[in-house]
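Participant: Take a look at the following structure, please.
The values are calculated or read from the model by the stated rules, or taken from the named source; none is laboratory data. Only a predicted model underlies this, so the values are computations on that prediction, with no experimental measurement involved. Note that we place each Cβ from the backbone using ideal geometry, even for glycine, and neighbour counts take in every protein chain shown. When the accessible area is computed, the model is the full protein with side chains, heavy atoms only, and any ligands, DNA or RNA have been set aside. Shrake-Rupley method; radii C 1.70, N 1.55, O 1.52, S 1.80 Å.
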Amino acid sequence: MDTTTDIDVLLSAPDAEHVVRDDADWFVAGVPHAALRALVTESPDLGTVRRRLPAVAEDAVLLRVAPGSDRPLVAYRSVTASRSLYVCRSSAGRLLLTDCFRNAVAALDPEDRRTPDAAVADHLLFRAPVDPLTYLDRVRALERGTWVEWSPGSAHAPDGTTGFLDFDATPRPGVSGAPLGSLSVTADRSPGEVLDAVDRALADTLSSAGGLSPTDGADADSGALTTALSGGVDSTLVHSYLPDATPTLTWGVDSPEFAFELDYASAAADALGADNRSVVVSEGSFADRLAASVEATCLPTHYAQTTLMDAALRRAGGGRLVDATKADALFGLGGTKGACLASWLSSVVDSPVGRLAAALPGRPGDDAAALRRYAGMLRRPPTDPDSFPVRTLTYADPGRVARMVGESVVADRINARHAAVSRLVDRSERTSGFVDAAELAHLYCLFGHDHLRHWRQLAAVHDTALVAPFATRRLADCALSVPASRRYVPGPRTALSRRSLRPKYLLKTLLERRLPGYPTERPKGSGALPVGRYFDEGPLADAFDRYDLPTVVPRPERDRVVDGDAPVAWNLLTYAVWRDRVLENPDVERVPGTRSHSWSLRATA
């Protein structure tokens with residue numbers, strides 16, 4: 001009996017390329033683009049591509065369609081990829097593969113869009129589902145580090161693991177098989193050696209950033225570069241590697257709490273000699289702009305700044321936008337300094353003297369209490385809801401979320417994220433206490449706290465290709481080659497810096513080399529918006545009059561959510577906006593400019 005499977009490949013990323021060979025069609029998106037293109041065009045067979053790919057791919061997704069082959073469909077997503085590949089069975093019965101979630105949503109009728117309970121829990125905890133789960137049960141996300149081969153009637157990785165296209169089962173991390181190209185914690189280089197390696201890696205990646213292959217029919221200026229500039233260490237550093245004439249783009253809001261962020265970006269642009277364009281939206285328009293940003297990607301807004309980025313790209317999109325996201329995940333998150341200090345002072349922090357200090361009024365007492373909290377988090381197992389890795393990378397209080405979805409569900413989803421990260425990184429030489437907890441928190445951020453893939457899709461909606469140098473495997477290898485005890489802060493008795501608790505010191509030291517006089521120690525915010533005030537008396541004060549609270553919130557919790565827990569309220573609001581504007585919307589359309597390719601694959605059963 002002959003069976004036919006109709007396949008559609010929909011690509012929206014401006015820097016994705018369709019490469020045609022006599023025996024197959026390849027779709028290549030990633031860096032280094034020229035090397036990836038050469039690999040798929042010059043390799044004699046598919047096995048050669050698979051063997052060589054982990055050493056070549058930095059931040060990449062590849063897809064191969066070969067209707068005449070016994071493996072007609074092959075897909076790969078690199079281990080540090082900020083690029084996505086989704087697969088779904090459309091309402092028309094076609095198998096759809098796409099790099100933007102919005103295209104998958106558009107292929108499903110509203111009655112075929114159902115959100116898994118686990119995805120709701122993930123959203124409340126992490127602000128995004130853990131791969132391969134997505135917000136729709138008919139859509140799967142290809143996991144990082146995964147090579148999948150498919151033929152009509154089956155979907156499997158080379159080790160025989162099945163389940164990638166089993167739409168009747170809730171996906172779990174690892175359903176796509178063992179990773180191809182996992183990372184290893186080598187911890188075999190000194191900070192000074194790694195500083196030079198990071199310098200070379202950024203120079204190599206950004207020297208070719210403007211030369212990525214344009215898409216079919218792209219405009220001649222599609223390679224024009226712009227740096228997303230916040231004025232912090234990361235964005236200022238990456239801009240220093242770009243040609244002098246490269247402009248910068250800053251986005252913001254006219255809230256008074258955000259004014260110093262804009263001042264910081266302006267000062268950095270002056271120091272760099274850059275022509276900076278600043279797009280500042282009014283606080284009063286924030287609620288409407290939030291809805292617009294959700295509609296743009298068909299994903300609930302993960303990070304409040306996504307709303308501002310959407311507004312900026314609507315005015316200044318196009319070309320290639322260089323973004324420094326993931327630098328913190330590799331070289332130092334906020335909170336690491338406090339946890340390190342708590343670890344060093346544990347004998348005092350946990351003593352009666354520490355308890356007395358925490359009871360003091362004012363800042364001394366607040367600081368002592370904070371150190372005691374850090375010490376308590378560091379003593380807990382890594383998947384405990386109150387451990388340092390979990391609380392650092394969980395936006396909402398897991399205890400509050402547990403009152404909505406249940407403690408067992410929270411524990412299951414925390415374990416799912418841990419399993420997804422553990423699959424990608426060999427951490428065989430584990431320690432305990434601060435070092436282990438800090439490393440795991442940063443890995444959770446690298447692989448799980450992933451607004452970068454969201455921003456990449458948002459950029460594609462606005463015909464912009466995102467360049468993300470810190471999402472490359474090469475820089476991840478650099479970071480993991482430094483012992484974790486000296487990866488994020490210098491540690492005591494270091495020759496590189498006398499400031500033993502200086503956070504993100506490697507990148508700060510590199511920036512001081514490249515841009516002497518830049519105030520690397522000047523306090524800077526995280527770019528966070530005053531969401532708490534927005535709910536209390538600002539543009540989101542009536543948000544839950546406009547959008548009904550999700551049904552996951554039990555009645556006893558409803559008033560408490562509305563009246564004051566900003567992180568929980570934000571996650572519930574973004575889900576509610578997505579539900580009303582996307583999930584139930586029959587008029588969702590594909591991303592503008594999406595390129596479509598179709599085949600019919602036949603198999604004999």
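Participant: Using only the Cα atoms, what convex hull volume per residue in Å³ does the range 245-381 have?
Facilitator: Per residue, the Cα convex hull of the range 245-381 comes to 186 Å³.
Participant: Toward the positive end of the charge dipole of the chain, about the Cα centre and with charges on Cβ (Lys, Arg +1; Asp, Glu -1), which of Cys340, Val353, Val87 goes farthest?
Facilitator: Sorting the options by dipole projection puts first Val353.
Participant: Given Cβ point charges of +1 (Lys, Arg) and -1 (Asp, Glu) and nothing else, what value in debye, to the nearest 20, does the dipole of the range 300-369 about its Cα centre take?
Facilitator: Approximately 260 debye in magnitude.
Participant: Could I ask something else about it? Using only the alpha-carbon atoms, how far is helix 33-42 inclined from the longest principal axis of the chain? Give it as 0 to 90 degrees, nearest 10.
Facilitator: 30 degrees
Participant: Could I ask something else about it? Please arrange Phe388, Phe260 by accessible surface area, largest first, computed with a 1.4 Å probe and ligands excluded.
Facilitator: Output order, biggest surface exposure first: Phe260, Phe388.
Participant: What does the charge dipole of the chain about its Cα centre add up to, to the nearest 20 debye, if the Cβ of each Lys and Arg holds +1 and the Cβ of each Asp and Glu holds -1?
Facilitator: For this selection, approximately 1820 debye.
Participant: Per residue, what volume in Å³ does the Cα convex hull of the range 332-483 take up?
Facilitator: Here the figure is 158 Å³ per residue.
Participant: Continuing with the same structure: What is the sum of charges around Ser346, taking Lys and Arg as +1, Asp and Glu as -1, for the other residues whose C-beta is under 12 Å from the C-beta of Ser346?
Facilitator: +1
Participant: Give, as ranges by residue number, the residues of the range 440-477 whose backbone N falls under 12 Å from the point 7 Å along Cα→Cβ of Arg514.
Facilitator: 469-470
Participant: Give the calculated FRET efficiency between Arg602 and Ser91 to the nearest 0.05, with a Förster radius of 22 Å applied to their Cβ-Cβ distance.
Facilitator: Step by step, r from the Cβ atoms, then E = 0.45.
Participant: Let me ask you something else. Within the accessible area of the chain, what % is carbon and sulfur when the probe is 1.4 Å and the other protein chains stay in place?
Facilitator: 48 percent
Participant: Also, quick follow-up: Between Gly532, Thr306, Val198, whose Cα lies farthest towards the positive end of the dipole of the chain when Lys and Arg beta carbons carry +1 and Asp and Glu beta carbons carry -1, centred on the Cα centre?
Facilitator: With unit charges placed on the Cβ atoms, the residue in question is Val198.
Participant: Need one word for the range 314-356: rounded, prolate or oblate. Basis is the Cα gyration tensor (sqrt eigenvalues a ≥ b ≥ c); a/c below 1.5 gives rounded, then a/b vs b/c decides.
Facilitator: Verdict is prolate for the range 314-356.
Participant: As a test question: what accessible area, to the nearest 10 Å², does Arg487 have when a 1.4 Å probe is rolled over all protein chains in place?
Facilitator: Surface open to solvent at Arg487 totals about 0 Å².
Participant: Can I ask one more? State, to one decimal in nm, how far the label point of Ala35 lies from the label point of Ser182, with both points 7 Å from Cα in the Cβ direction.
Facilitator: 2.3 nm
Participant: Between Arg560 and Ala55, what length comes free when the chain is fully extended (0.36 nm per residue of separation minus the Cα-Cα distance, one decimal in nm)?
Facilitator: Values: separation 505, 0.36 × 505 = 181.80 nm, distance 5.09 nm.
Result for the pair: 176.7 nm of gain on full extension.
Participant: For the chain, what is the Kirkwood estimate of the hydrodynamic radius, computed as the reciprocal of the mean inverse distance between distinct Cα atoms, to one decimal in Å?
Facilitator: By the Kirkwood definition, the hydrodynamic radius is 24.9 Å.
Participant: In deg cm²/dmol and to the nearest 500, what is the mean residue ellipticity at 222 nm of the chain if only DSSP H runs of at least 4 residues count, each as -39500 (n - 2.57), divided by the residue total?
Facilitator: Working: 25 runs with 249 residues, N = 605.
Value at 222 nm, helices only, nearest 500: -12000 deg cm²/dmol.
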